[in-house]
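First the structure, in the form of C-alpha cells, and then the observations on it.
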Amino acid sequence: MAVQDTDLTGKTVVVTGASSGIGAAAAAQLAARGASVAVVGRSPERTAEVAAQVSAEPFVADFARFDDVRELAARLLARYSRIDVLANNAGGTWPERTVTDDGNELTFQVNHLSPFLLTNLLLERLLQSHARVVNTASMTYRTAKLNLDTINAPTGSFKQLGEYGATKLANILFTRELARRTEGTGLTTAAFHPGVVATRVYDTAPFGLRWFIRSPLSRPIFIRPDKGAEPLVYLATTENDAAINGRYFHRLELEPPRNKLAVDPDLAQRLWTLSEQVTGIGSVG
Ligand SMILES: NC(=O)c1ccc[n+]([C@@H]2O[C@H](COP(=O)([O-])OP(=O)(O)OC[C@H]3O[C@@H](n4cnc5c(N)ncnc54)[C@H](OP(=O)(O)O)[C@@H]3O)[C@@H](O)[C@H]2O)c1
C-alpha cells in the first residue's frame, strides 16, 4: 500500500495527540494536503506551537479528565459543521497504577475511555460527514490480555507494558465494534501500529534507552515521526473504505489477527458496555 497525495481541500481533520510525535507529523502532512486541521494536545505550549507551524487551530484537553473531553467535543462541534476525519492518536504509558479524578486507571482512561467518549460525543457529526475514524493502536496488542474486571481497578498488581498493551488491544476492539455498530452508515474506521517511532512516548523508559533513541544510532530501529505518521495519513485518506473498515494495520499492511482476543466479538461488546457505563454516555447500536 502506498500513501497517496490526496487533495484534502475543504475537509476537516481532528488529530488528538497532535502536539508531539506521530500526531504532530500527521497534522503537518494532512494540512499540507489542504485539510483544515484541529490540533488537539494536552500541553498548551506544545499544542499552540504545532498548530502555528502547520497553520491549524489549537485545542487543549487533558484526556485524564472527562470534563476536558466533553468541553473539547462541544468546542469542536461549535467550530466545525462537518468532521471528515477523527484521528484518535493521543496516548501514553505510565509506570505506576494511578487513579484519575474520574476514578479510572490513568492509562485506561487516556488511551481508551477518553477516545471512546470523544468519538461518541462527536458521533452524530461524524455520521453526517461519512467520516473516517482512525485509531492509533500498537503491536503490543499481540501479547496483551484484557481483563475487564481488573483493568480499571483502583488497586492491584500493575505492569506498565501489560497495562499499555491492554489499552492498545482495547483500541483494536473499539475499532471492530464501532465498525459493527455503524455498518451501512458511511462511517469507516480502522486501527494501526505506526512502527517503532522515536517520540516522547519513551520518556518514561530507562535513561540508557532514552539516550539511545535520541541518538542517530537508533535510526535502524526507531523510525522518525514523519514516517510513523504514514499509516495514519494513509488510513485517513484512502478511498477504499471496504478494505479498511473495522480492520487493523501493521504500518501500511493489513495484519491477520496475532491475538485471538483482538477478534473476540463478545469481549468487544463487553468492553463497549463497560466504557458506556464508566463514561456515562449512551451510544450507537
Ligand atoms: N512511538 C512509538 O513507537 C509508538 C508505537 C506504537 C503506538 N504508539 C502510539 O502512538 C500514539 C502517539 O504517540 P507518540 O509516539 O507520538 O508519542 P508522543 O510524542 O509522546 O505523543 C503523545 C501525544 O499524546 C498526547 N497525550 C498524552 N497524554 C495525554 C493526556 N493525558 N491528554 C491528552 N493528550 C495526551 C501528548 O500530548 P502533550 O505532548 O501535549 O502532552 C502528545 O500529543 C500513542 O497513542 C502511542 O501509544 C507509539
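Since every read-out is calculated from the coordinates, none of them should be taken as a lab result. Because the structure is predicted, anything quoted here is derived from the model rather than measured. Don't worry about glycine lacking a Cβ; one is built from the backbone with ideal geometry, like all the others, and counts go over all protein chains shown.
Hey, which of the helices (runs of 4 or more DSSP H) in region 187-244, taking only ones fully inside, have at least 1 residues that are of a type outside the set (A, V, I, L, M) and within 26 Å of PHE174 (Cα to Cα)?
Fully inside region 187-244 and qualifying: 225-228, 230-237, 241-244.
Among the aromatic types (Phe, Trp, Tyr), without any contact (Cβ under 8 Å) to a residue 60 or more places away in the chain, within 13 Å of the ligand (Cβ to nearest atom) and more than 22 Å from ALA236 (Cα to Cα), is that true of TYR164?
Answer is no for this residue.
Let's see how each residue does on (1) under 19 Å from the mean Cα position of the chain (by Cα); (2) within 11 Å of the ligand (Cβ to nearest atom); (3) surrounded by 16 or more Cβ atoms within 10 Å (Cβ to Cβ):
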residue	(1), (2), (3)
GLU177	yes, no, yes
GLU183	no, no, no
PHE192	yes, yes, yes
LEU217	no, no, no
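Based on this model, can you work out whether ASP101 counts as closer than 18 Å to GLY23 by Cβ and assigned to a loop (DSSP other than H, G, I, E, B)?
no
Can you pull out the residues in region 154-195 that are among the basic types (Lys, Arg) and under 19 Å from PRO231 (Cβ atoms)?
LYS168, ARG176 - these are the residues of region 154-195 that are among the basic types (Lys, Arg) and under 19 Å from PRO231 (Cβ atoms).
Quick one: count up the residues across region 226-246 that are buried (at least 21 other Cβ atoms within 10 Å of the Cβ) and within 16 Å of ALA137 (Cα to Cα).
The total comes to 10.
List the residue pairs whose Cβ atoms are under 9 Å apart, where the first residue sits in region 178-197 and is on the phi > 0 side of the Ramachandran plot, the second is assigned to a loop (DSSP other than H, G, I, E, B), and the two are 6 or more positions apart or on different chains.
Correct list of pairs: GLY186/SER129; GLY186/HIS130; GLY186/ALA131; GLY195/PHE222; GLY195/ARG251.
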